[in-house]
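Undergrad: Supplied in structure tokens, the structure appears directly below.
The values are calculated or read from the model by the stated rules, or taken from the named source; none is laboratory data. Computed from a predicted model, the values in this text were never measured in an experiment. When we count neighbours, we look across all protein chains shown, and the Cβ atoms used for this are built from the backbone with ideal geometry, even at glycine. The protein model used for the area step is the full one, side chains on, heavy atoms only, and it has no ligands, DNA or RNA in it. Shrake-Rupley method; radii C 1.70, N 1.55, O 1.52, S 1.80 Å.
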Amino acid sequence: MDTQRVRARLVELRDLLDARHHRIEKHLNRREEPLPADSEERAGELGNHETMARLDEGARAELLLIDRALARLDADDYGRCERCGEAIADERLDVIPFAVRCVACADGA
């Protein structure tokens, strides 16, 4: 495994997610005027706010997983399943570079 390539990919992904988090946070905090009086418009605004908040939650959760993967890389523990200790397949890590479980353990979670 090319750890420099893995690290670069994780850092790039972290930077993308961090930028997304900041854009969403800016969007969520930009609204200073009151919500529209029209109930349909108000419902739309609230729905949009809720969707953006959930997207932000997802981005922040992935950021934590990426930081965890980088720490595992530093500890020479990257690519090992946290549950069974076996190697996580390279194909899985190519798709989910911050995976902490092998397919068998992830399916049995």
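Undergrad: Within the range 97-107, can one find any residue that is closer than 13 Å to Val6 by Cα and either free of Cβ contacts under 8 Å to residues at least 60 places away in the same chain or open to solvent by 80 Å² or more (accessible area, probe 1.4 Å) (or both)?
TA: Yes, the range 97-107 contains at least one residue that is closer than 13 Å to Val6 by Cα and either free of Cβ contacts under 8 Å to residues at least 60 places away in the same chain or open to solvent by 80 Å² or more (accessible area, probe 1.4 Å) (or both).
Undergrad: State the number of residues belonging to the range 73-90 that are assigned to a helix (DSSP H, G or I) and open to solvent by 70 Å² or more (accessible area, probe 1.4 Å).
TA: Matching residues across the range 73-90 total 2.
Undergrad: Just the residues that are modelled with pLDDT of 70 or more and loosely packed, with under 11 Cβ neighbours inside 10 Å, please, taken from the range 31-50.
TA: Across the range 31-50, the qualifying residues are Glu40, Gly47, Glu50.
Undergrad: While we're here: Which one of the conditions (1) of a type in the set (A, V, I, L, M); (2) surrounded by fewer than 17 Cβ atoms within 10 Å (Cβ to Cβ); (3) at pLDDT below 95 does Ala59 fail to meet, given that it meets all the rest?
TA: The failed condition is (2).
Undergrad: Scan Leu93, Leu65, Leu70 and give me the residue that is open to solvent by less than 70 Å² (accessible area, probe 1.4 Å) and in contact with a helix residue (DSSP H, G or I) (Cβ under 6 Å, 6 or more places away or on another chain).
TA: Leu70
Undergrad: Starting from the range 48-74, keep only residues that are under 19 Å from Arg92 (Cα atoms), then list their pairs with residues that are of a type in the set (Asp, Glu) whose Cβ atoms are within a distance under 7 Å, requiring at least 6 positions of separation or different chains.
TA: Taking only residues 6 or more apart or on different chains, the pairs are Leu63/Asp18.
Undergrad: Now a separate question. Among the numbered criteria (1) part of a loop (DSSP other than H, G, I, E, B); (2) modelled with pLDDT of 90 or more, which one does Leu17 miss?
TA: In the conditions (1) part of a loop (DSSP other than H, G, I, E, B); (2) modelled with pLDDT of 90 or more, Leu17 misses (1) alone.
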